[in-house]
Structures are given as structure tokens and as C-alpha cells.
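Laboratory data are not the source of any read-out in this text; all were calculated from the coordinates shown. It should be emphasised that the depicted structure is a prediction, and the values quoted were computed from it without experimental measurement. Every residue, glycine as well, gets a Cβ built from its backbone with ideal geometry; the counts of neighbours run over all protein chains shown.
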Ligand code: CP
């Protein structure tokens with residue numbers, strides 16, 4: 001059994017489907033007037049975040065609390081990391097306090113892979129550098145299934161900063177395993193070489209990528225990870241790659257508009273598109289809680305079958 005969730009690359013389609021089915025059940029709990037279940041009673045969940053987060057951190061914390069776990073948060077800025085403690089020593093310290101599930105976000109790709117074999121706790125990757133963000137892709141897939149009835153055969157266009165995005169990598173692994181056709185589009189400076197080997201179609205223009213798409217997913221332009229010169233300016237980016245109502249018309253009329261957040265309004269999407277009828281961005285946030293409940297529940301029961 002796999003005790004950790006580090007990415008979707010190494011998870012089978014059956015395991016992914018099992019998480020999504022469990023998340024659909026968890027969502028029913030979230031819709032009850034009293035959102036409290038004993039699924040994680042007696043368990044301890046610690047969020048260890050070395051990078052900023054609103055959605056991921058809060059939804060893990062709420063998910064743990066809704067399932068009756070003891071939940072605690074640590075950020076790098078308020079911890080002994082500031083005194084020079086290493087990541088491994090910090091993780092071992094948290095593990096020694098009886099932690100059952102350690103949720104980790106780190107700017108270094110591979111950080112949760114480094115920690116997982118060293119601790120008895122189940123480690124969940126809440127985003128590592130430019131590698132993966134598996135629970136984001138799972139909540140995206142749950143949202144698509146709810147709205148479209150399934151994933152197999154759908155055309156999903158992912159637009160934006162492909163190069164720096166951990167969200168795109170997890171989505172490509174997950175969506176292609178469940179049978180979607182994935183296209184990516186953006187400035188050529190923000191698309192890594194060899195993307196086709198991941199089983200996706202690569203386009204340099206937005207309209208080509210989104211023609212007949214069932215889902216148009218925008219990715220945040222990651223200003224904090226940009227090296228200078230990858231594109232001239234945010235205004236220029238929006239002009240050529242931003243999705244407004246006119247560009248959205250290249251997709252199917254009932255295409256879903258998705259974004260992992262946080263959104264840069266007027267950069268990836270126009271405000272009209274973000275707030276329009278096709279947008280399911282708020283549903284994605286809601287589903288984030290259900291997916292994280294499902295993942296923690298499955299890990300608390302022994303993990304994923306190999
Ligand atoms: N989508 C996402 O990971 O958002 P946060 O950075 O707010 O957690």
C-alpha cells in the first residue's frame with residue numbers, strides 16, 4: 001500500500017477514480033446542515049506550508065476539522081525554520097508529536113518525496129515547486145465530472161504559464177489517465193520542450209488550443225517564479241493569450257471556465273469570463289474541501305493499493 005499522496009504520475013486510474021467517488025460522498029456530508037463526521041476521530045493532521053496559500057491550506061484544515069481530526073498549521077515564517085532548522089529536522093519533529101497526516105507545500109520540487117520515506121505519517125503533497133499539485137487536479141476533475149457527467153472523451157484546453165505550473169502537470173497525468181484529450185497553449189517561452197511526450201497537444205496560439213474545447217482552464221501567470229524576459233508585459237500577455245468573451249467563443253458554447261486560483265484578473269481571463277455563466281471557479285473551491293476529505297480518509301485507512 002502507498003501511505004502517501006505525492007502526485008498523480010504514479011497513481012493508477014482506479015486509485016484516482018476511487019478518490020473521486022469518495023469525494024462525491026464527502027460532498028454530500030458538506031451539504032448537510034451539520035458538517036461533522038467521525039472519519040478522522042483521534043487522528044492528527046498538520047499543515048506544513050513553506051509557501052503562501054489560501055485555498056489549499058484552509059481547505060485541508062477545514063476538511064480535517066469536519067472529519068473530527070486534531071488539525072494544526074505551521075508556516076515557515078513563524079517556525080524554527082527561521083532559526084536554521086532543516087526541512088528534514090522540521091518534518092521529523094512534527095512526526096514525533098504523533099502526527100498521522102502531514103500536508104506539505106514547498107517551493108522545492110521533490111520536497112515531499114524526500115520527506116515521505118523518513119516519517120511514519122502519511123505525507124500529502126500540497127504543491128511542490130514546479131512538480132505536482134495532486135489535490136488541485138483531483139478537485140478539478142471532480143468539478144468536471146459533476147458538470148459534464150464524466151471525463152472520457154472530453155477536450156480540455158489548459159492555457160497560460162505551462163512551464164512553471166505544478167497544476168498543469170498533475171492535471172495532465174490525471175485527465176489523460178481518465179481518457180480526456182488535453183491541449184496546452186501559451187507563449188512558447190512558457191511551454192517546456194517535450195510536452196508532447198506527456199500525451200498532450202501543444203499550441204502556440206490560444207484560439208487553436210481552445211477550438212471546440214469542453215473545458216478551458218486558465219493557469220496563473222506566476223510572477224514570483226518568472227525570470228525576466230519570458231514575455232514583455234502583463235498587458236502584452238493579456239492581449240495575445242488572455243481569454244476574453246470573444247476568444248472563449250472558439251470553445252464549445254457550454255464549455256466550462258476553470259482556474260485553480262488565485263486569478264490575476266485581466267491577465268489570464270477577463271473579469272467578464274471569470275464572473276460569467278460558464279465559470280465554475282467557485283465550485284472548484286467547494287470541491288477542494290470534499291477532495292481533501294476523501295484523500296485524508298483513504299490515507300487514514302491504509303492508503304492506496306499499489
Ligand atoms: N490553487 C491553489 O493552490 O491556491 P492556493 O495557493 O491559494 O492554495
Out of 134, 117, 112, sole residue that is out of contact with any helix residue (DSSP H, G or I) (no Cβ under 9 Å at 6 or more places or on another chain) and within 16 Å of the ligand (Cβ to nearest atom): 112
Residues that are more than 17 Å from residue 220 (Cβ to Cβ) and touching a helix residue (DSSP H, G or I) at 6+ places or on another chain (Cβ under 6 Å), drawn from the stretch 121-131: 121, 122, 123, 125
Of all residues in the stretch 160-187 being under 15 Å from the mean Cα position of the chain (by Cα) and away from the ligand (no atom under 14 Å from the Cβ), the one that is nearest to residue 236 (Cα to Cα): 162
Those residues of the stretch 51-75 which are touching a residue at least 60 places away in the same chain (Cβ under 8 Å) and within 16 Å of the ligand (Cβ to nearest atom), in sequence order: 51, 53, 54, 55, 56, 57, 59, 60, 62, 63, 64
Boolean, residue 181 is more than 26 Å from residue 8 (Cβ to Cβ) and surrounded by fewer than 19 Cβ atoms within 10 Å (Cβ to Cβ): no
